Amino acid sequence: PPSIDWDRLHAEFQRALLDRPDWDAMVERLGVPAIWLASLEPGWHDGSITFPMRDGKGRVIGMRRRWLDGTKRAVTGSRNGLYFVRDYEPGGPTVVVEGESDCAAALSLGLYAVGRFSDRGHA
C-alpha cells in the first residue's frame, strides 16, 4: 500500500472541522472544556471527529476517529500512538490516561497528561 502523508491528512481534517456544529455536540457529550479538546488538534472526517495519534517525538503516525454515538475507529493505515499537547512544558508530573477525552479531562484539571490508545498493555 502507498505511504500515507499523515501531516497532510491531519491538516486536511483540521480544516474540515472549522464551523462544524457537530464539534459543539461532541464537546457537550464528553463534558470536557472545548479548549482542552482543541489543544489535542482535532479534525473532522466523514461524520466523525478525528484526533492525531503521535509517536514519542510528536510526529503524527495515525488518526483516531470518534463519532457522536461513542464509536471509535482508527483511520486505515494508522499506527497506534499517543495523544498529547505539542509544545507544552509540564510544570510537574505527567499522568498517563486512556484516550483523547481522558487526556483533555486531565489537562482541564491542571495536570499534564498523555493519552494512550488503549487501557490494555498491548495493541
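The values are calculated or read from the model by the stated rules, or taken from the named source; none is laboratory data. On a predicted model such as this, the values are computed, not experimentally measured, just so you know. In this analysis, Cβ positions are derived from the backbone assuming ideal geometry, glycine residues included, and neighbour counts consider all displayed protein chains. With ligands, DNA and RNA removed, areas are computed over all heavy atoms of the protein, side chains included. Shrake-Rupley method; radii C 1.70, N 1.55, O 1.52, S 1.80 Å.
Compute, for the chain, the length of the dipole vector about the Cα centre, with Cβ point charges of +1 (Lys, Arg) and -1 (Asp, Glu) only. Units Debye, rounded to 20.
Working: 16 positive and 17 negative charges, 84 e Å.
With only Lys, Arg, Asp and Glu charged at Cβ, the dipole is about 400 debye.
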Next item on the list: Can you grab the distance from the C-alpha centre of region 64-123 to the C-alpha centre of region 1-60, Å, no decimals?
Entry: 12
Margin query: Need one number: nm distance between label points at residue 98 and residue 12, each 7 Å from Cα along Cα→Cβ, rounded to one decimal.
Written below: 3.2
Next item on the list: Give me the accessible area of residue 36, 1.4 Å probe, in Å² rounded to the nearest 10.
Entry: 70
Checklist line | For region 1-60, the fraction of alpha-carbon pairs in successive 5 Å shells from zero, as % | finding: 4, 17, 27, 24, 16, 8, 4, 1
Notebook entry, point to check: What does the helix-only formula give at 222 nm for the chain: each DSSP H stretch with n ≥ 4 adding -39500 (n - 2.57), the total divided by the residues, and the result rounded to the nearest 500 deg cm²/dmol?
Noted result: -8500 deg cm²/dmol
Notebook entry, point to check: Dividing the convex hull volume of the alpha carbon atoms of the chain by its residue count, what do you get in Å³ per residue?
Noted result: 111
Item checked: residue 118 paired with residue 24, simple spin-label distance in nm, labels 7 Å along Cα-to-beta-carbon -> 3.7
